[in-house]
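The values are calculated or read from the model by the stated rules, or taken from the named source; none is laboratory data. Because the structure is predicted, anything quoted here is derived from the model rather than measured. Here Cβ is always computed from backbone atoms with ideal geometry, including for glycine, and neighbour counts include all displayed protein chains. Ligands, DNA and RNA are stripped out before the accessible areas are found, and what is left, the full protein with its side chains, is counted by its heavy atoms. Shrake-Rupley method; radii C 1.70, N 1.55, O 1.52, S 1.80 Å.
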Amino acid sequence: MARDLQEQIKKLIIDRRLPSGAVLPTEPDLMELLGASRNSVREALKALQAMGIVEIRHGFGTYVGPMSMAPMIEGLAFRTVAGHYRGEDSLLQLLQLREAVETGLVSRVAGNVPPDDLAVLDALVARMEAEATAGAGLAETDRAFHATLYRGLGNLLLSELLEAFWDAFHRVRTDLVELPQDPKVTCRQHREILDAVRSGDSGRAEDAIREHFGNIRTRLTATVPNETSRLPNERV
């Protein structure tokens, strides 16, 4: 019954073309519209809120939610941690998934990155090199590089999916293992990806992406996680 009500509320949002932030019918209106009890409607709305489909603002009403990738990120992160404590190579599997997506995409952007984005990518690699020299972390600049690389495709869902993979992998990686990293190698690999994309050589661009992820994979498989540093039921 609860699942059926969830589907009906989702259909209502679609049929009425309601955007994020739009107000939904009140509980009494939903009860009448769906022919359901107050408790059933509330249960369905709470489940949809957990998915980011609706947002319940107590004292104000219920609204169409942001429908973000946050629940997916949480699910990926939890699944990876749970798999790790079962002795599975779940972090490696998550890395392989992200590698497969980016390897398939980079050939599409090779030679097609807008000039403005190429300038941003140049600046990001230069910043990465400066951070490496200063001994600072590269994570946020690295993240911005990959986001900028594909944004010219104009696919918002794809951008959110890549961000979800990034968030899940790096949150879990930080919790489970500390990967030894030579920042100069990371900078060189991103410079090679940029040069290959700029030249329009899709094969070279794919090879550069594979080398980058291959380096991460090698460091990951060579690292023994510190099993005692975090309890299995701690928040990720």
For THR218, solvent-accessible area (1.4 Å; no DNA, RNA or ligand), Å²:
90
Row for the stretch 1-64, column shape: gyration tensor on C-alpha, a ≥ b ≥ c, rounded if a/c < 1.5 i.e. under 1.5, prolate if a/b over b/c, else oblate; value rounded
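Quick one: ranking GLU211, GLU192 by accessible area, 1.4 Å probe, largest first, what do you get? Mind dumping the intermediate values first?
On the way: GLU211 75, GLU192 55 Å².
From most exposed to least exposed: GLU211, GLU192.
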Helix 156-176: angle to the longest alpha-carbon principal axis of the chain, degrees 0 to 90, nearest 10?
70
Taking the alpha-carbon centroid of each part, what is the distance from the stretch 123-168 to the stretch 59-122 in angstrom?
12
Nearest-ten-degree value, helix 115-134 long axis tilted from longest Cα axis of the chain:
70
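What do you reckon, how do TYR150, TYR85 stack up by accessible area (1.4 Å probe), largest on top?
Details: TYR150 5, TYR85 70 Å².
Ranked list, largest accessible area first: TYR85, TYR150.
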For THR218, the net charge from surrounding residues (Cβ-Cβ under 13 Å; K, R +1; D, E -1) works out to 0
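Can you work out the accessible area per residue across the stretch 123-165, with the rest of the protein chains kept in place, probe 1.4 Å, in square angstrom?
Values: 2070 Å² over 43 residues.
Here the per-residue accessible area is 48 Å².
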